[in-house]
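Novice: Below are the C-alpha cells for one structure; questions will follow.
Please treat every number below as a calculation from the coordinates, not as lab data. Quick caveat, the model's predicted, so the values are computed rather than measured. Note: ideal-geometry Cβ built from the backbone for every residue, glycine included; neighbour counts use all protein chains shown.
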Amino acid sequence: MKRKIIPIFVPHIGCPHDCIFCNQKKITGAGTDVTAESAEAIIKEHLGTIDAKNCIVEIAFFGGSFTAIEESFQRSLLSVASKYKQSGVVRDIRLSTRPDAIDESRLALLKEYGVTTIELGVQSLDGEVLSRSLRGHTGEDVHAAAALIKDWGFTLGLQLMVGLPGDSPEKCLETAREFIDIGPEFARIYPTLVVKDTALERLHAEGAYKALEIEETIEICKKLLVLLTSAGIKVIRIGLQPTEEISMGNQVVAGPLHPSLRERVESRIFRDYIEAALLSKEKAACLRVYGSKRNMSKLVGNKRENISYLRGLSPASVEMKEAQMPDDAIAIEIDGKKRIVDISQVYLELGRIYF
C-alpha cells in the first residue's frame, strides 16, 4: 500500500544549537508558532484529501529537535497525533530529533503516545566535521542514541549531509559505513545548501567555504546510495525538495539544489554499470539498453547525457529502448548478446567496482 505523509513542521523549536548550515524558518517556509490546534487543522485538511482505507497514513513532525521541546508542549502535539492513531485512521507517527536529545525518559514519553519512527539528524560521524558545523554533539552521542531507540522498539532512520565544512567524499563514505554498523531501517542524504541568514552564508561570502557543484554531489551520492542500498538500508530521499521558499536565488545562495537530484544519481549509477559492461568487451559495435517506462529517463540521462557519454566510449550505435519489463530490472544487449540484470545486482556489482 502507498504511504501518505501528513507533515507538521516545528522549525527550530527545541534546538539548543544554531548549526552552521541551518535556518529552519527559511528551509520550511514556516515560523515556530505551531500549536496543538494548528497541528489538528493540518491533519484534518490532509485527511480530507486522502483515501485512508487504501493507503498507510503517517503523521510526521519535521523540522525542529522534537524531543528537546519542553515536555508539556511535546505532549500537547503528540496527544493530537495519538488521537488519530488510536482511531485507526493513522497508522504511524514519526518525528525527527537530535542524537543528544534522546534518553530513557524521552523514549518512554514517545511510547506513551504511540510514536513509531524516530529519525536522528546525524549529518556526519566525523569529529572535525561535527565541530566545524557547530552541531553540538559527538559521534558517540549518535551511537548511544541509536542503540537506545532500537532497544525501545522504534523504527530508526538516520540523516546524512554531504559537503559540510571540513567534509570530504572519504569522510562521507566512512559515515555511511558507520551507519551500516548502526543498522537503521532507512536513511536520507542531504547535500549541504548555503541558506540565507546562516553562519555558512557568511563563510561562503568570505570565501572560507565552497559549496559542492552538482557533478561533485552526484559522484559522492552515487557511492553512498550503492553502499547503503547494498547493505539493506533503504535511502528514502536524496536532496531537499525545491519549493517556493527553497529556490536558488531566493533563500538558497549556493549549493547543489536540483529538482530531480535522486534521478540524476540513479541515472549515473545506470551509466556506470553500462560502461563497465561495455569495457568488459574487447570492442563493441552496437549497444542497446532496455528498460521499463519508469526507468527510461534514468537510462537516457539528463539532456540525453548518458547516450552522449556511452557513444564516446566506442559503440557506433547506442540505443535506449522502452520495453515491457519489470521496474526492478534492465536489459543490456551488446552486439546481439542480450542479458537481463536485476537492479539489486547492478548495485552489488557497482559496489565491487566503486570500493
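Novice: Under 4.7 Å Cβ to Cβ, no partner at all: give me those cysteines from the chain, in residue order.
Specialist: Cysteines of the chain left without a disulfide-compatible partner: 15, 55, 172, 221, 286.
Novice: Still on this structure, I have one more. Before anything else, pin down the relative contact order of the chain: Cα pairs under 8 Å, at least 6 apart, normalised by residue count, whole percent.
Specialist: Normalised by residue count, the contact order of the chain is 13 percent.
Novice: Any lysines with Cα under 19 Å of the residue 210 Cα? List them, leaving off those in the same chain fewer than 8 positions away.
Specialist: Once the sequence-local lysines are set aside, what remains near residue 210 is 171, 196.
Novice: With a ≥ b ≥ c the root eigenvalues of the C-alpha gyration tensor of the chain, is it rounded (a/c under 1.5), prolate (a/b larger than b/c) or oblate?
Specialist: Values: a/c = 1.98, a/b = 1.58, b/c = 1.25.
Since a/c reaches 1.5 and a/b is larger than b/c, the shape of the chain is classed as prolate.
Novice: If you don't mind, another one. Give the cross-link partners of residue 283 among the aspartates and glutamates, using a straight C-alpha distance below 19 Å as the criterion and excluding same-chain residues fewer than 8 apart.
Specialist: Candidates past the 8-residue exclusion: 272, 275, 319, 333, 335.
Novice: Residues in the stretch 276-290, backbone N under 14 Å from the label point at residue 317 (7 Å along the Cα-to-beta-carbon vector): list them, ranges by number please.
Specialist: 284-289, by backbone N distance to the label point.
Novice: Can you return the aspartates and glutamates within cross-link range of residue 4? Criterion is Cα-Cα under 19 Å, with same-chain partners fewer than 8 residues away left out.
Specialist: Within the straight-line limit of under 19 Å, residue 4 reaches these aspartates and glutamates: 40, 45, 51, 58, 92, 119, 185.
Novice: Determine the alpha carbon to alpha carbon distance for each of 53/321; 85/293; 298/337; 222/337 and list only those over 30 Å.
Specialist: Values: 53/321 38 Å; 85/293 37 Å; 298/337 22 Å; 222/337 28 Å.
Pairs exceeding 30 Å: 53/321; 85/293.
Novice: Give the percent of DSSP beta bridges with both residues in the stretch 266-354 that are antiparallel, rounded to the nearest 5. Before the final figure, lay out each step's value.
Specialist: Details: 10 of 16 bridges.
The answer is about 60 percent antiparallel.
Novice: With axes computed from alpha carbons, what is the tilt in degrees of helix 343-354 against the longest principal axis of the chain, rounded to the nearest 10 within 0 to 90?
Specialist: 80 degrees
Novice: Based on the alpha-carbon gyration tensor of the stretch 208-355 and its eigenvalue square roots a ≥ b ≥ c, which shape applies: rounded if a/c is under 1.5, prolate if not and a/b is larger than b/c, or oblate? Kindly include the intermediate steps, with their values, before the conclusion.
Specialist: On the way: a/c = 1.91, a/b = 1.76, b/c = 1.09.
Taking the square roots of the gyration eigenvalues as a ≥ b ≥ c, the stretch 208-355 is prolate.
Novice: Of 56, 39, 5, which is farthest towards the positive pole of the stretch 2-259's charge dipole, taken about the Cα centre with +1 and -1 on the beta-carbons of Lys, Arg and Asp, Glu respectively?
Specialist: Of the candidates, 56 comes out farthest on the positive side.
Novice: Compare 172, 19, 55 in a GNM of the chain, Cα atoms joined below 10 Å, and give the one with the largest fluctuation.
Specialist: 55
Novice: DSSP loop (so not H, G, I, E, B), at most 10 other Cβ within 10 Å: list which trypsin sites (Lys or Arg not before Pro) in the stretch 116-217 pass both filters. Spell out each step's value before the answer.
Specialist: Working: sites: 132, 135, 150, 171, 177, 188, 196, 202, 210; in loops: 135, 196, 210.
Hits after loop and neighbour filter: nothing returned.
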